[in-house]
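The values are calculated or read from the model by the stated rules, or taken from the named source; none is laboratory data. Keep in mind that this is a model prediction, so the values were computed, not measured. Glycine gets a Cβ as well: all are built from the backbone with ideal geometry, and neighbour counts include every protein chain shown. Only protein heavy atoms, including side chains, enter the accessible area calculation; ligands, DNA and RNA are left aside. Shrake-Rupley method; radii C 1.70, N 1.55, O 1.52, S 1.80 Å.
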Amino acid sequence: MARLAQTAGLTDVQQEILATVRSFVDKEIIPHAQALEHGDTYPSDIVEGMKEMGLFGLTIPEEHGGLGESLLTYALVVEEIARGWMSVSGVINTHFIVAHMIKQHATDAQKQHFLPRMATGEVRGAFSMSEPELGSDVAAIRTKARQDGDGYVIDGQKMWLTNGGSSTLVATLVRTDEGAEKPHQNLTTFLVEKPTGFGEVLPGLTIPGKIEKMGYKGVDTTEMVFDGFRVGAEAILGGERGKGFAHMMDGVEVGRVNVAARACGIAIRAFELAVEYAQQRTTFGKPIAQHQAIAFKLAEMATKVEAAHLMMVNAARLKDSGQRNDVEAGMAKLIASEYCAEVTQEAFRIHGGYGYSKEYEIERLMREAPFLLIGEGTSEIQKTIISRGLLREYRSRG
């Protein structure tokens, strides 16, 4: 068993789940990740394997056909999967976020309608906040839903939709006319059902082709365009207008723990590759791991992996306990993504010229790690969240 990133206090069930996932990663993901990633190929066989393992229902309550596991279990599973190939963790990430939002905020009818089929992977979730000119300013969303009879008509354009083509359910944040002074109180989440595929998948709803990316290949990232798209009032999450921002932020806190877990997974894999290569590669008559310059790099890398993992676990456990974890999730996401980039770059340097070759796995990790500095909020956004939380807790009495 690896020395790094061990988690104390896990139940027998959690340990069994993680052992099963790790075996699946070693046998079914790592041997195929390079070829699939280089071909930008969707990992259909891997996804089917995850369905058979019940991973799509990992956090869905047992009464709805899921395993009813905690956010911590989910995060540790994601860490293992990202260690194999980050894109596979991306396939299930948005699904988990939408399942969490439905579990926490949906009506009973919505839970009955979606959760059992999400548990089996028959319904696959994606969520959409960002827009082409929006960036991190979520409250400035322009995509709008106007009431028309018993339903709504949505117009606008969404951006950076992970699993846009492969999902069948998209939790979409849009603007509604609530008359609230605070912009974020004029936002509503709609649960948009659609078929898979690209082009005009429904009247008024278009999923253009995949966006070409530097890394994070295999998983489809798209835009989503609404042009007079009609949807019923029953599609409003929880049946409440104006609550969309709060719904999404709850989901994003889960997403930030997920990104931290993905960053830990990549960093663990980068360290594994580096420490193995450093003991095999010889210069000046001895393995490069015995040179102090390399040995110190390995020590620093391992310390960063361990620190990031512990912060991620802490954020997950806080969320599971029902406590507010916006600061802790922001801290975990910030440190894990930054450390992931640093550890991956050091592993790349240890590989020397071979690290630049597409034949070596570290080249792929070098293209994947930067995405985590941006996804679910940039490092600068995390610092804003963290500082606001700290100032809230340490408010001056002077």
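How many residues, within region 106-122, are open to solvent by less than 60 Å² (accessible area, probe 1.4 Å), polar (S, T, N, Q) and assigned to a helix (DSSP H, G or I)?
1
Looking only at residues that are assigned to a loop (DSSP other than H, G, I, E, B) and among the aliphatic types (A, V, I, L, M) in region 1-30, which one is most open to solvent (accessible area, probe 1.4 Å)?
By that ranking, first place goes to Met1.
If we keep just the residues of region 158-177 that are in a strand (DSSP E or B) and open to solvent by 10 Å² or more (accessible area, probe 1.4 Å), which is nearest to Arg124 (Cα to Cα)?
Top of the filtered list is Thr162.
Taking the conditions exactly as written (in contact (Cβ under 8 Å) with a residue 40 or more places away in the chain, over 29 Å from Phe371 (Cα atoms) and part of a loop (DSSP other than H, G, I, E, B)), does Ala180 satisfy them or not?
yes
Can you tell me which residues in region 237-275 are modelled with pLDDT under 95, assigned to a helix (DSSP H, G or I) and charged (D, E, K, R)?
Asp250, Glu253, Arg256
Looking for whichever is over 19 Å from Leu205 (Cβ atoms) and of a type in the set (D, E, K, R) here; the options are Asp108, Asp148. Which one fits?
Going through Asp108, Asp148 in turn, just one is over 19 Å from Leu205 (Cβ atoms) and of a type in the set (D, E, K, R): Asp108.
So if I check each of Gly209, Gly228, Gly197, Gly218, which one is touching a residue at least 12 places away in the same chain (Cβ under 8 Å), at positive phi, open to solvent by 20 Å² or more (accessible area, probe 1.4 Å) and assigned to a loop (DSSP other than H, G, I, E, B)?
Working: Gly209 fails: at positive phi; Gly228 fails: assigned to a loop (DSSP other than H, G, I, E, B); Gly218 fails: open to solvent by 20 Å² or more (accessible area, probe 1.4 Å).
Answer to the selection: Gly197.
Here's a check for you: in region 123-157, which residue that is of a type in the set (A, V, I, L, M, F, W, C) and part of a strand (DSSP E or B) is nearest to Gly218 (Cα to Cα)?
Looking at the filtered set, the residue picked out is Ala126.
Six or more apart or on different chains, Cβ atoms under 6 Å: show the pairs whose first residue is in region 273-296 and under 15 Å from Glu346 (Cα atoms) and whose second is open to solvent by 100 Å² or more (accessible area, probe 1.4 Å).
Ile288/Arg281; Ala289/Gln279
Just a yes or no: is a residue in region 384-397 closer than 30 Å to Glu37 by Cα and part of a helix (DSSP H, G or I)?
no
So which residues in region 56-80 are without any contact (Cβ under 8 Å) to a residue 60 or more places away in the chain and either open to solvent by less than 20 Å² (accessible area, probe 1.4 Å) or not small (Gly, Ala, Ser) (or both)?
Leu58, Thr59, Ile60, Pro61, Glu62, Glu63, His64, Gly66, Leu67, Glu69, Thr73
Please verify whether region 55-73 includes one or more residues that are in contact with an Asp or Glu (Cβ under 7 Å, 6 or more places away or on another chain) and part of a helix (DSSP H, G or I).
Scanning region 55-73, I find at least one residue that is in contact with an Asp or Glu (Cβ under 7 Å, 6 or more places away or on another chain) and part of a helix (DSSP H, G or I), so the answer is yes.
Working only within region 303-356, note down all residues that are at pLDDT 95 or above and in a loop (DSSP other than H, G, I, E, B).
Correct list: His351 only.
In region 357-383, which residues are within 21 Å of Lys304 (Cα to Cα), assigned to a helix (DSSP H, G or I) and open to solvent by 10 Å² or more (accessible area, probe 1.4 Å)?
Matches in region 357-383: Glu361, Glu363, Met366, Arg367, Pro370, Phe371, Leu373, Glu380, Lys383.
Here's a check for you: in region 308-344, which residue that is polar (S, T, N, Q) and open to solvent by 60 Å² or more (accessible area, probe 1.4 Å) is nearest to Ile362 (Cα to Cα)?
Only one residue fits best here, namely Asn314.
State which residue pairs qualify: first residue of a type in the set (D, E, K, R) and inside region 13-37, second residue in a helix (DSSP H, G or I) and buried (at least 17 other Cβ atoms within 10 Å of the Cβ) in any location, beta carbons under 7 Å apart, and separation of 6 or more residues or different chains.
So the pair list comes out as Arg22/Glu80; Glu28/Ile46; Glu37/Ser87; Glu37/Arg364.
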